[in-house]
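Beneath this line is the structure, given in C-alpha cells, with notes to follow.
The values are calculated or read from the model by the stated rules, or taken from the named source; none is laboratory data. Keep in mind that what you see is a predicted model, and the values were worked out from it rather than measured. Cβ atoms come from the backbone with ideal geometry, glycine included; neighbour counts cover every protein chain shown.
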Amino acid sequence: MSYMNSSKTEEDDATLLDNIIIPSRPTILLKIQKAQADKDGVNLVEIAELIAQDIGLSAAVLKTINSAYYGLADKVTSIRQAVFLLGMNRIYILVAALSLRKIAETSACLDLDLFWDHSVEIASSSIFIAQHLDNINTDDAQLFGLFHDCGKVLLAQQFDGYQETLKTAAGIEDSLINIERLRHGTDHSLVGALLSHAWCLPTSITLAIRHHHTITAFREGVLSDEVLTLLAVNFLAESLTNHNNDYNYNEWSIHGDEFMETLKITENDVTNLRSEWQAKQPLS
C-alpha cells in the first residue's frame, strides 16, 4: 500500500507538492542512513567524525550520553566514545530528531516549546510502553513519537494562522484533521508523511504518520500489524501524557477498546501502566 493512500485524489496530492515546501533530507542524516545500509557494516569511527563536524549535534550527543538516563559514573567528553556507547540506532534517532527541531525553529507561527515538549514526551512515554509490552520495537516507537506531528511544522511555515488553527481545534469536538483541511486545504498527517518519505524514514513510520488520526484503519485491514501497533502505542502515550493543551487529542477515551485489542492488553494493564508512568514523573 502506498504511503499516499487517502481520500484525496492524485491531482490533489500533486497540487499539495507544488504548494507545500518539503525540506530535503539533511546531509548528515543521509550519510548516516547510507552507513546503516552499507553491507560491510557501520563504521562508527566515520560516524563520530561526521558528528564532530557539527557543533550543535556534538553538544547534543554529549548531553544525551551524560544524562541521568544512562547513569554513567564518569563524564564522557569524547564524541567517538559517545557514539560507541550510544550505538548506531540511538545516533540515527538523535540526528533525525535534531534535524526536525532545526526546521521547527524556523517556523515563526508555531509554539516551538509546546511542539517539541509534546513530541519528546510522547517519544519518552512510547519507549516506556514498548519496554513494558511484548514484541514492540522500542526504537521505532520512539522515532514515531518524535515525528508523529512533524507535518505541523511544515503547515506552520506555510500558513501564518496555523497556531490559531491548533487552538481552535483544541477547543471544539470536530477533529483537527477536518479543521486543517477546511482552513488550509490539507492536513498535518499527509504533509508529515511526505516529509517522512522525503527523509527516507522507515516505511512503517511514514504510514503511521499518515494514519495517526485515522481511527477507521483499525477496522479496515489495510495496514500491517506493525503499523497498527505503532498507532496504538502512540494513542496510549497521548493518554498517559494528557495535559489538556493544543496538542491534546485523546482518542484513547473513545476508542481505547480497539487499541487495547491491537496491543493485546487489558484495562487493568493500562491502569498499571498509567500508575507507573505517573510515579516516574517529577512533582510539579
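Evaluating Val61 against the criteria (1) at pLDDT 90 or above; (2) assigned to a loop (DSSP other than H, G, I, E, B) leaves one unmet condition, (2).
Which of the residues that make up segment 82-113 are among the β-branched types (Val, Ile, Thr) and not in a helix (DSSP H, G or I)?
Thr106
Can you name the number of the only condition in (1) of a type outside the set (S, T, N, Q); (2) out of contact with any Cys (no Cβ under 9 Å at 6 or more places or on another chain); (3) at pLDDT below 95 that Phe128 fails? Going through (1) of a type outside the set (S, T, N, Q); (2) out of contact with any Cys (no Cβ under 9 Å at 6 or more places or on another chain); (3) at pLDDT below 95 one by one, Phe128 breaks only (3).
Have a look at Gln142, Gln131, Gln158 and point out the one that is more than 21 Å from Ile215 (Cβ to Cβ) and surrounded by 18 or more Cβ atoms within 10 Å (Cβ to Cβ).
None of the other options fit; the residue is Gln142.
Within segment 32-48, the set of residues being closer than 18 Å to Ala82 by Cα, touching a residue at least 12 places away in the same chain (Cβ under 8 Å) and part of a helix (DSSP H, G or I) comprises Ile32, Ala35, Gln36, Leu44, Val45, Ile47, Ala48.
The C-beta contact set for segment 260-284 (first residue surrounded by 12 or more Cβ atoms within 10 Å (Cβ to Cβ), second residue outside any helix (DSSP H, G or I) and among the charged types (D, E, K, R), distance under 9 angstrom, 6+ apart or interchain) comprises Lys264/Asp134. No other residue among Ile177, Ile129, Ile122 is without any contact (Cβ under 8 Å) to a residue 40 or more places away in the chain and not acidic (Asp, Glu) apart from Ile177. The residue pairs whose first member lies in segment 64-80 and is more than 16 Å from Ile47 (Cα to Cα), whose second member is surrounded by 15 or more Cβ atoms within 10 Å (Cβ to Cβ) and of a type outside the set (A, V, I, L, M, F, W, C), and whose beta carbons are closer than 6 Å, counting only pairs six or more residues apart or on different chains, are Lys75/Asn66; Val76/Asn66. Would a scan of segment 100-111 turn up a residue that is at pLDDT 90 or above, hydrophobic (A, V, I, L, M, F, W, C), in contact with a helix residue (DSSP H, G or I) (Cβ under 6 Å, 6 or more places away or on another chain) and over 22 Å from Phe235 (Cα atoms)? Among the residues of segment 100-111, at least one is at pLDDT 90 or above, hydrophobic (A, V, I, L, M, F, W, C), in contact with a helix residue (DSSP H, G or I) (Cβ under 6 Å, 6 or more places away or on another chain) and over 22 Å from Phe235 (Cα atoms), which makes the answer yes. Within segment 195-202, can one find any residue that is closer than 25 Å to Ile254 by Cα and either surrounded by 19 or more Cβ atoms within 10 Å (Cβ to Cβ) or in contact (Cβ under 8 Å) with a residue 40 or more places away in the chain (or both)? So far as segment 195-202 goes, no, none of its residues is closer than 25 Å to Ile254 by Cα and either surrounded by 19 or more Cβ atoms within 10 Å (Cβ to Cβ) or in contact (Cβ under 8 Å) with a residue 40 or more places away in the chain (or both).
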